[in-house]
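Derivation of every value follows stated rules applied to the coordinates shown; laboratory data play no part. Note that this is a predicted model, so its numbers are computed, not measured. As a convention, Cβ positions derive from the backbone with ideal geometry for all residues, glycine included, and neighbour counts pool all protein chains shown.
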Amino acid sequence: MGVVAASMMLGATGAIAESSGAKKPLGKMTCEDFLAVDDTFKPKVVYWAVAYAKGGKPEAAVIDVEGTDQMTPMLIEDCKAKPKESFWKKVKAEVKKIEKKM
């Protein structure tokens, strides 16, 4: 369900739709961009980014919902501390941590 909801916000190129109507590719999304997303959509953005980080194709990835739910508040806090850093790099680092625990 998270991927379906997130797909409404995402284009085929992996871009996040911003309130202005402009799109930004996930790889260029900063923490500041992520924090600008409405709070109700932040978990969906994280679900999609995690799925994409696992295989590059969101529809083919299996998501650890519990791990991803735990990751979202950590990403928010880290992004608040370092808003200019890459959101994508933070997601990939968190995915690696989760995969090591499995």
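Listed cross-link partners Lys28/Lys92; Lys24/Lys54; Lys44/Lys92; Lys44/Lys100; Lys54/Lys89 are compared with a 18 Å cut-off, the Cα-Cα value being larger for Lys24/Lys54; Lys44/Lys100. Each peptide in 25-34, 69-78, 45-54 receives the mean, over its residues, of other Cβ atoms within 10 Å, and ordering these scores from highest gives 45-54, 25-34, 69-78.
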